[in-house]
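Working notes, structure below.
The values are calculated or read from the model by the stated rules, or taken from the named source; none is laboratory data. Small disclaimer: the values here were computed from a predicted structure and weren't measured. Quick reminder, even Gly has a Cβ in these numbers, built from the backbone with ideal geometry, and neighbours come from all protein chains shown. These accessible areas exclude ligands, DNA and RNA; they are computed on the full protein's heavy atoms, side chains included. Shrake-Rupley method; radii C 1.70, N 1.55, O 1.52, S 1.80 Å.
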Amino acid sequence: MRIVIVGAGFTGVQLAKLLINEKNQVAVIDNNENTVRHASNQLDCTVLCADGNNLDTLEEVGIAKADALVCVTSSDEVNMITCSLVDAVYPDVLKIARVRNYAYYVNTASAVKKHSNEFGGKRRPLYGINYMIHPDVEAADAIVQAVENGAVGNVLSFDNSDLVIARFTIEEESSLDGVALKDIRSKTEVKFLISYVEQNGDTALPSGGTILNAGNTVGVLLDKADISAMLDLCGSKQKEIRKIALIGAGRIGNIIAEKLIKPQKRGFGKLISFAGKRGQDFVIIDTDDDLTKAASEKFPEARVLRADASDEAFLREEGIVDFDLAICATHNHEMNMVLAAYLESLGVDQSISLVSSAAFGEIATKLGVDVPVPLRDAVVDSIMSHLRGKSVKEIHTVTNGELEVVECEVTASSKVSGKSLREISNPGTFLVLMTKQNSVDSYKIADGNTIIHSGDHIVLITEAENSKKVLSHFSGNSE
């Protein structure tokens, strides 16, 4: 593929790195000399210092032959205008824009939904943008998903499926300590599949001979109803979440609160239980007077407090130290990490922290944070999902970007259609985790006898650098 990226900040550079590793032709444009110099030192591709919303500039880097345009500058207006400009001249180019103005995002999504039957065919997408991505929405959705699954660690879920990939740590008292994966079935009747193993700083796809040891972290595919049983097996316990403290009443905090305070609309399972008056169970804390006033009016079910969440006297007086879960989602990502760890040290059972990137996520984990949610990586994952073609539905990076979990559709020209997983097995390269036949609505955990058919949906895990090559076998596209 040929991709033009407008914006050479963190997101633009991280996205370019992933695309270059997959042997795509990438060009990056930014009008800041220092930013361009920094990007040029990191990227093996064309990096041009110029205005990205200039058609001559875009044509200079090959927009006429490009497959996709991704606009991730710091200006929503530049991102949107650039997509609109390209759409007017090169309508076949896929256009993706990151926007930070929530009104733009919400109003566009509402208009698209209202007039969904009118888009497509000769109708062009609004603003010429095929996919509009809002960082706060991506981050808030990831946090809500973590809460829904008990905040046991980073959890990946999939549409219309009870199967999730959850991250667990093998404790010293675990019955799995010292057990090889080929012998693990004798330890439990719970149906699951080990997706990846982190040990001694290295992450790898497992094989039957992989031996689990105390201190290892494993990614496990299982039914969300079995998370508690898996925690027991790993030597941990899961508590029901009855009291949640949300620190941060900004935009992300508002999106989180809106989705959590009304769980009946999201089909929450038994992991979350709001008993009695909800105001006693859900607390929103922020130091900003305007934000807390607005939150009080918007969420009458919650108890909204204007206070410093790092004040121990306040935390003890309000009983926050006895809460089941703290979600730190302020705009200060470094403070989120420290505050989450601090709250756990005072007695809060579990914590979720919004962080800037996966690198800070690793730091947060070492500080004791249960679930770090990297804002920038969530955006990059979303963009990558749209760039992989129509057959790819979603992409999630795990273990600091070393591995990718990909949800895709098997095409009619696929090299593996009609074959069993045992026939196409390639240990250490990829692992098919679950499949969904074209005629059914839900996924099931795959095994060696599972046969892949055209039209089936699959979820697989592979090393990020091999992802494009592996997907070519299922999508039928050339590498």
Rounded to whole Å², per residue accessible area for the chain with a 1.4 Å probe reads 46 Å²
Summed over the other residues with a beta carbon less than 11 angstrom from that of A446, with K and R at +1 and D and E at -1, the charge totals +1
Just the number, please: Stokes-Einstein D of the stretch 35-96 in µm²/s, Kirkwood Rh from C-alpha pairs, 37 °C, 0.692 mPa s. 268 µm²/s
Env charge @ L433, Cβ radius under 11 Å, K,R +1 / D,E -1, value -1
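Carbon and sulfur: what percent of the chain's accessible surface (1.4 Å probe)? Walk me through the intermediate numbers first.
Numbers: 9820 of 21890 Å².
Of the solvent-accessible surface of the chain, carbon and sulfur hold 45 percent.
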Using a simple charge model, +1 on the beta-carbon of Lys and Arg, -1 on the beta-carbon of Asp and Glu, nothing else, what dipole does the stretch 393-479 show about its Cα centre, in debye to the nearest 20? 280 debye
Ranking G235, I352, N101 by how far each Cα lies towards the positive end of the charge dipole of the chain (+1 on Lys and Arg Cβ, -1 on Asp and Glu Cβ), the top one is N101
Pairs K113/K436; K65/K469; K17/K469; K415/K469; K182/K469: which are spaced more than 19 Å apart, C-alpha to C-alpha? K113/K436; K65/K469; K182/K469
Scaled to the compact-protein estimate 2.2 N^0.38 Å, what is the alpha-carbon radius of gyration of the stretch 1-119, rounded to two decimal places? 1.07
What 222 nm value per residue comes from the helices of the chain, counting each DSSP H run with n ≥ 4 as -39,500 (n - 2.57) and dividing by all residues, nearest 500 deg cm²/dmol? -9500 deg cm²/dmol
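Of all the C-alpha pairs in the chain, what % are more than 35 Å from each other? Working shown, then result.
Values: 41196 of 114481 pairs.
The proportion of pairs with Cα distances above 35 Å equals 36 percent.
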